[in-house]
Structures are given as C-alpha cells and as structure tokens.
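> Quick one: the structure is below, and I'll ask about it shortly.
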Amino acid sequence: MDINVRKRSQVQVVQLRGPLRMGAAVDSLRQTLEESVANGDHRLVLNLAEVAMIDSSGIGLLVRFLASTKQRGGNIKLVQPSKFAVQTLRLVGVLNLFEIFDDDDAAAESFV
C-alpha cells in the first residue's frame, strides 16, 4: 500500500495505491489516519481511484475513522472508489455513510 498525504486548505487529502486488505496496508492507513486526527485534522479526503480491492478490515477501518472524525466535527469523503470498492461497501451496507466525489478538489471544497 502506497500512501501519499497532502494538505489542501483545511483538508487532508490521502491518496492510496494498492489493495486495502488486512495486514500491512490496513496498519499503514490506520497509522496515517491516527496521526491526522491526533494533529487536529478531522476533514479527510481518501482518494481510492487506485485501490482495486478492499476487504472487511479495510472497510471496518474506514467506518471507525468516519465515526471518529464526525464526533470531532469532521468527516471522511471518498474520491473515485473502484467498482469493486463500491460493490463491497454496498454489500456490507455502509456505502450510504460516505459522500463520494469525482475528484479531490470537489471533495475538499465540499467541506466549506
């Protein structure tokens, strides 16, 4: 899992590349998100355009941090989740919890 974080205004944009599944990938993303929240960044955009596969541990992590950021007045928004990611999120009944955008800019601007 390749993770690239950049700040856009008051929003953390997290670009992910590779499968998001149990093990090192989920652990790396958890650490990245924990650091963002600890630093006061509660507005997160996750770009999933290059995440072809996501498993239940990856979904659990997304849902857990969605709840955590919302408690702090923030949110997590998804950008270009793959067809597989959308189907998986829908299958476990959490797709409707996330706002989905076509690009990072639109997602970041939606926080204003």
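Rule-based calculations on the coordinates, nothing more; no lab input. This one's a predicted model, so the numbers in the text were calculated from it and none came from an experiment. Don't worry about glycine lacking a Cβ; one is built from the backbone with ideal geometry, like all the others, and counts go over all protein chains shown.
> Pull out a ≥ b ≥ c, the square roots of the eigenvalues of the alpha-carbon gyration tensor of the chain, then state rounded if a/c is under 1.5, prolate if not and a/b is larger than b/c, and oblate in the remaining case.
Taking the square roots of the gyration eigenvalues as a ≥ b ≥ c, the chain is rounded.
> Can you give me the C-alpha center-to-center distance between the range 84-112 and the range 51-77, rounded to a whole angstrom?
10 Å
> Give me the angle, in degrees from 0 to 90, between the Cα long axis of helix 24-38 and the longest principal axis of the Cα atoms of the chain, rounded to the nearest 10.
20 degrees
> Report relative contact order for the chain in percent, whole number only (criteria: Cα-Cα under 8 Å, sequence separation at least 6).
Reported relative contact order: 26 percent.
> Using a 7 Å offset from the Cα along the Cα-to-Cβ direction at both R17 and A38, what is the distance between the two label points in nm, to one decimal?
Label-label distance for R17 and A38, simple model: 2.6 nm.
> Placing +1 at every Lys and Arg Cβ and -1 at every Asp and Glu Cβ, with all other atoms neutral, what dipole size does the range 45-112 have around its Cα centre, in debye to the nearest 20?
420 debye
> Can I ask one more? Nearest 5 is fine: what % of DSSP beta bridges in the chain come out antiparallel, could you say?
35 percent
> Taking Cα atoms, how many degrees apart are the long axis of helix 56-71 and the longest axis of the chain, rounded to 10 and kept between 0 and 90?
Helix 56-71 sits at roughly 20 degrees to that axis.
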